[in-house]
Amino acid sequence: MTDRQSSVLVVEDEESFVDALVVGLEREGFKVRVARDGIQAIELFDRFQPDLVLLDLMLPRLSGLDVCQSIRSRSAVPIIILTAKGTEVDTVVGLEVGADDYVVKPFRMRELVARMRAVLRRQTAATGAAPTTRPEVVTVGAISLDTSKHEVTVAGSEVKLPLKEFELLELLLVNAGRVLTRDTLIDRVWGPDYVGDTKTLDVHIKRLRSRIDTDPSASSLITTIRGLGYRFDTKTRQRS
Ligand code: CA
C-alpha cells in the first residue's frame, strides 16, 4: 500500500545519533521533525500531529516515560521507544504507559523502518483511516463542551462563547491537567502564521475566565504557568 508521506516525530537528545536517524528516515520517505527534550516533544506533537513517534527514554527536562504517558492520554498515535541496553525496566514501563513497540539501540535502520511500518499498518487497520482523537463532547469537572453543537455549559447552564474563546477552551479541556505553551495555544487557535501581539492570548484567557469561573472565592480553573503557558485544572472545586 502506498499512501501519502508518513510524518515522524523523533524525540532524541543525542546529536550524532539524531543526524544519522534523520538522514536514514528521510531516505525511506518519512517526513521528520526532531524534538531534543521532553517538553519540546509534547509541544511539537501538539503542533504537528505526526503519524508516529520515535521516543528515547533518557531526555532532558521531562523523561521519555512522562512524554509517552502525556501523548498517549490524548492520542492513539503509534509510539516506538528507542531504548538503550540495560534499561529493560523502563522499556516495560513504557509499554505499560502506552508505547506500541520498542527497538534496542544500536539498531539497523532496516529493522527500525520495518517496525515503524508494522505499527503504522496496525494503526490504519484498527482505525480504517488516519487516527482521529477529537471527541465531540469533552467534560472536565463542571464544564462541558460540545463541538458538534458549539455549546458550552458550566454546571449545567449554557454559556455563550465567541469562536476563539471556544477553541481555546476546547484545547485546554482536551489537554486538562497538562500545561499548554503559549506558542502551542497561539498556533492552534490563531494559526502558525499569526503575527499579532501575544497579549491577544492573555486577553482571551482573561475573558474566558470571566465566563467559566463561577466561584469568585476560588482560584481560576485556568492556571497561569509563568513563562510557559496555561493549564486547565482537573481538580475542580465542585460544589453540590
Ligand atoms: Ca537520550
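Hey, which of the helices (runs of 4 or more DSSP H) in the stretch 133-214, taking only ones fully inside, have at least 3 residues that are within 22 Å of residue 71 (Cβ to Cβ) and modelled with pLDDT of 85 or more?
Per the criteria, 163-174, 182-190.
Restricting to the stretch 53-83, name every residue that is among the acidic types (Asp, Glu) and either within 13 Å of the ligand (Cβ to nearest atom) or outside the structural domain of residue 30 (by TED's automatic domain parsing) (or both).
56
Being of a type in the set (A, V, I, L, M, F, W, C), at pLDDT below 95 and away from the ligand (no atom under 16 Å from the Cβ) is true for just one of 17, 48. Which residue is that?
None of the other options fit; the residue is 48.
Kindly list the number of the only condition in (1) touching a Gly at 6+ places or on another chain (Cβ under 6 Å); (2) open to solvent by less than 20 Å² (accessible area, probe 1.4 Å) that fails for residue 10.
Residue 10 satisfies every listed condition except (1).
Which of the residues spanning the stretch 50-73 are open to solvent by 20 Å² or more (accessible area, probe 1.4 Å) and either of a type in the set (Gly, Ala, Ser) or free of Cβ contacts under 8 Å to residues at least 24 places away in the same chain (or both)?
Hits for the stretch 50-73 are 63, 73.
Go through the stretch 183-213 and report how many residues are within 22 Å of residue 40 (Cα to Cα), open to solvent by 60 Å² or more (accessible area, probe 1.4 Å) and in contact (Cβ under 8 Å) with a residue 40 or more places away in the chain.
Within the stretch 183-213, residues that are within 22 Å of residue 40 (Cα to Cα), open to solvent by 60 Å² or more (accessible area, probe 1.4 Å) and in contact (Cβ under 8 Å) with a residue 40 or more places away in the chain number 3.
Can you name the number of the only condition in (1) within 16 Å of the ligand (Cβ to nearest atom); (2) surrounded by fewer than 15 Cβ atoms within 10 Å (Cβ to Cβ); (3) over 21 Å from residue 185 (Cα atoms) that residue 22 fails?
Result: residue 22 fails condition (2) only.
The values are calculated or read from the model by the stated rules, or taken from the named source; none is laboratory data. Since we're looking at a predicted model, the values are computed, not measured. Reconstructed Cβ throughout: ideal geometry from the backbone, glycine too, with neighbour counts over all protein chains shown. Surface accessibility is based on the protein's heavy atoms, side chains included, excluding ligands, DNA and RNA. Shrake-Rupley method; radii C 1.70, N 1.55, O 1.52, S 1.80 Å.
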